[in-house]
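Before I ask anything, here is the structure I am working with.
The values are calculated or read from the model by the stated rules, or taken from the named source; none is laboratory data. All of these numbers come straight from a predicted model, not from anything done at the bench. Backbone-built Cβ (ideal geometry, glycine too); neighbour counts: all protein chains shown. With ligands, DNA and RNA removed, areas are computed over all heavy atoms of the protein, side chains included. Shrake-Rupley method; radii C 1.70, N 1.55, O 1.52, S 1.80 Å.
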Amino acid sequence: MYGLVNRAIEQLVVSLKGDSAWERVCQRAGWPDGGFVAMQTYDDAVTYRLVGAVSEELGLPPDAVLRAFGEYWILYTAEEGYGSMLTMCGSDLLSFLHGMNQMHARIEASLPEIRPPSFEVHELDAQTFALVYESTREGLAPMVEGLITGLAKRFGQRVDIRLTAPRDASTPHDRFLVQILA
Ligand code: HEM
C-alpha cells in the first residue's frame, strides 16, 4: 500500500501515545528505522505487521485497531491535501458512498499504483442500506466499519454498522447492513 497509509498509522499512534510508542511499534514490526514516504508503495505485509504491533502496544485486538484506524483515516486524509476531494464527493453518507468508486478512481491520477477497494450500495429503506465491499486484500472489514463511522461523523450523522455476511472462499466480498440513526 502507499506510504500514506503507514504514515496515517504513525500519526494515529503518535497522537494517542507519543513518539516513543511509535518507535516501539516500528521495532516490533521489523521496521527499525521508522518512517514512510507518502507517495511510495510498500509491501502490504508491512502495513499488516504495523497493525499487529500497534495492537500489542495498545493492548487492543487487531480488529479494534483497524476500526480506530478507519475512523482516523477520514480525519487524516482531510488534513493531508484530500479535503476538497472529500468535500466534492458528497455531504451525507449515502450520496458519498454512491460516489466512492469514482473518488478512488480520481485518486489514481496522483497515486497510479493504488489498488482501491470497490463498494456497492443497495438502499433498503430511507434509513437502511446494504454495503458490499470488495477488495484484493483480506481482513480489512473492521477498517470499513471505522471508515463508515468516521464518514458519518464528518456529516453529523450517527450509524449502526454490522457485518452480516463476511467474505469466504466462495464469495469475494463482505456485506454490511448500515442503519442511519440520526
Ligand atoms: C480522499 C480520501 C482518500 C484517499 C486519499 C484514499 C486513498 C487510499 C489509498 C492510498 C489506499 C491504499 C491502497 C493502495 O495503496 O493500494 C486506500 C485504501 C483503502 N481505502 Fe481509500 N482513500 C480515501 C478515502 C476513503 C474512504 C472515504 C473510504 C471509505 C469508504 C476508503 C476506503 C478504503 C479502504 C477500505 C481501503 C483499504 C484497501 C483495500 O480495501 O484493499 N477510502 N485508500
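Given a 1.4 angstrom probe, I'd like the percentage of the accessible area of the range 9-121 that is carbon and sulfur, rounded to a whole number.
53 percent
Compute the separation of the alpha-carbon centres of the range 14-36 and the range 123-182 and state it in Å as a whole number.
So the two Cα centres are separated by 30 Å.
For helix 62-77, report the angle its Cα long axis makes with the longest principal axis of the Cα atoms of the chain; keep it between 0 and 90° and round to the nearest 10°.
80 degrees
What is the log10 of I(q)/I(0) for the range 90-180, computed with the Debye formula using one identical point scatterer on each Cα and no solvent, at q = 0.13, 0.16, 0.23 Å⁻¹?
Debye intensities relative to I(0), on a log10 scale: -0.43, -0.65, -1.26.
Quick one: net charge of Tyr76's neighbours, Cβ under 13 Å, K/R +1, D/E -1?
Summing Lys and Arg as +1 and Asp and Glu as -1 gives -2.
What's the magnitude of the charge dipole for the chain around its Cα centre, counting Lys and Arg as +1 and Asp and Glu as -1 at the beta-carbon? Answer in Debye, nearest 20.
Result for the chain is approximately 180 debye, rounded to the nearest 20.
If you project the alpha carbons of the range 36-144 onto the principal axes, what extent comes out on each, in Å, largest first?
In descending order, the Cα extents are 41, 31, 26 Å.
For the range 1-43, what is the largest minus smallest coordinate of the Cα atoms on each principal axis, given in angstrom and ordered from greatest to least?
Largest to smallest, the principal-axis extents are 25, 20, 11 Å.
Beta carbons within 10 angstrom, averaged per residue: use that to sort the peptides 86-99, 161-174, highest first.
Ranking, from highest mean packing down: 86-99, 161-174.
How fast does the chain diffuse by Stokes-Einstein, in µm²/s, taking the Kirkwood radius from C-alpha pairs at 4 °C and 1.567 mPa s?
76 µm²/s
Roughly how many Å² is the accessible area per residue of the range 3-60, as a whole number, for a 1.4 Å probe?
Here the residues of the range 3-60 average 50 Å² of exposed surface.
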